[in-house]
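S.K.: Could you have a look at this structure, given as structure tokens, before my questions?
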Amino acid sequence: MFNATRSYPAPASLAQARSYDGQDVYTELRRIFFDKCYICETNDPHDINVEHFLSHEGNEELKYHWDNLYFACSRCNNIKSTVFNDIIDCCDPEYDAFRAIKLLPPMSPRGKSVIIAATNDHPRTLKTIELLAKVFNSNHTVNKRISSEFLRTKVFKQYNLLLDQIDSFYAPIATPDDKETSIERMKILIKRNMPYSAFIRWCILEDDTLGPLLANDMD
Ligand SMILES: [Zn+2]
């Protein structure tokens, strides 16, 4: 996961309490969440919509409250449903959404799972782990199994971009300029606005050389 910074005041259309996904809401959420689903970090504007962090279940206050509106893909929205109300709030600046959960990519494009591990025992962290396991590793229905395979392949492709740079950095014939270029490219891949940034960052943190070199660039 990644932290997002919510903007204020709330988009004007919410004051009318008629629609929670007006153009102004959608546009601002898209900007705040870097055009990504806040749960799986997929960047796909065709499949992304306004989600209620706490399910409103008819509660008008929750339905139109700016702080309760998030940006999620339809698949994560569907999996989260009304079951996962108490997960990590990535808009809470007090909570480091990225470091709370270690995420490591699949070993291959057809890898059966990703690694998801809590780094603390906060109940919200543990609930989020449960949700992420259903998102990335689910096999509870045929549809979810196939779509989670597809999702893991996309994570792997992003990871592969990183592997190319890691390989160039450590190549025995790498010049200082080559190394510098690889580092600059890795700095792009670890930015919060990039797809699957948590996976990429954790790969870097797992590396004793690259971790210290890039830790300060994890915005
Ligand atoms: Zn998603």
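S.K.: For residue 20, work out the one condition from (1) away from the ligand (no atom under 16 Å from the Cβ); (2) in contact (Cβ under 8 Å) with a residue 60 or more places away in the chain; (3) touching a strand residue (DSSP E or B) at 6+ places or on another chain (Cβ under 9 Å) it doesn't fulfil.
M.R.: For residue 20, the exception is condition (2).
S.K.: Here is a check on your reading of the model: is residue 29 within 16 Å of the ligand (Cβ to nearest atom) and in a helix (DSSP H, G or I)?
M.R.: Details: within 16 Å of the ligand (Cβ to nearest atom): yes; in a helix (DSSP H, G or I): yes.
For residue 29, the condition - within 16 Å of the ligand (Cβ to nearest atom) and in a helix (DSSP H, G or I) - is met.
S.K.: What pairs come up if the first residue lies in the range 32-48 and is within 11 Å of the ligand (Cβ to nearest atom), the second is charged (D, E, K, R), and their beta carbons are under 7 Å apart, counting only those six or more places apart or on different chains?
M.R.: Close Cβ pairs (under 7 Å, with a partner that is charged (D, E, K, R)) amount to 39/80; 42/36; 42/154; 43/35; 43/36.
S.K.: OK, next. Looking only at residues in the range 120-129 that are surrounded by fewer than 13 Cβ atoms within 10 Å (Cβ to Cβ) and either touching a Ser or Thr at 6+ places or on another chain (Cβ under 8 Å) or in contact (Cβ under 8 Å) with a residue 12 or more places away in the chain (or both), which one is nearest to residue 101 (Cα to Cα)?
M.R.: Looking at residues that are surrounded by fewer than 13 Cβ atoms within 10 Å (Cβ to Cβ) and either touching a Ser or Thr at 6+ places or on another chain (Cβ under 8 Å) or in contact (Cβ under 8 Å) with a residue 12 or more places away in the chain (or both), I get 120.
S.K.: What is the residue count in the range 5-26 for residues that are more than 26 Å from residue 195 (Cα to Cα), assigned to a helix (DSSP H, G or I) and polar (S, T, N, Q)?
M.R.: 2
S.K.: May I pose another question? Please identify the pairs in which a residue from the range 76-97 that is free of Cβ contacts under 8 Å to residues at least 40 places away in the same chain has its Cβ atom under 6 Å from the Cβ atom of a residue that is among the aliphatic types (A, V, I, L, M), counting only partners at least 6 apart or on another chain.
M.R.: 85/54
S.K.: In the range 50-168, which strands (runs of 3 or more DSSP E) lie fully inside it and hold 1 or more residues that are away from the ligand (no atom under 16 Å from the Cβ)? Outline the logic, then answer.
M.R.: Working: elements: 69-73, 101-104, 115-118.
Qualifying strands (runs of 3 or more DSSP E): 101-104, 115-118.
S.K.: If you take the residues of the range 167-219 that are basic (Lys, Arg) and touching a residue at least 40 places away in the same chain (Cβ under 8 Å), which of them is farthest from residue 105 (Cα to Cα)?
M.R.: Pass one, the range 167-219, residues basic (Lys, Arg): 179, 185, 187, 191-192, 201.
If we keep only those that are touching a residue at least 40 places away in the same chain (Cβ under 8 Å) too, we end up with 192, 201.
Working: 192: 17, 201: 11 Å.
Filtering first and then ranking leaves 192.
S.K.: Find the residue count for the range 1-15, including only residues that are within 16 Å of residue 68 (Cβ to Cβ) and surrounded by 12 or more Cβ atoms within 10 Å (Cβ to Cβ).
M.R.: 7
S.K.: Answer with yes or no whether residue 53 is crowded, with 17+ Cβ neighbours inside 10 Å and at positive phi. Quick ask: steps written out before the conclusion?
M.R.: Numbers: crowded, with 17+ Cβ neighbours inside 10 Å: yes; at positive phi: no.
Spelling it out, it is not the case that residue 53 is crowded, with 17+ Cβ neighbours inside 10 Å and at positive phi.
Coordinate-derived values only; no laboratory data. This one's a predicted model, so the numbers in the text were calculated from it and none came from an experiment. In this analysis, Cβ positions are derived from the backbone assuming ideal geometry, glycine residues included, and neighbour counts consider all displayed protein chains.
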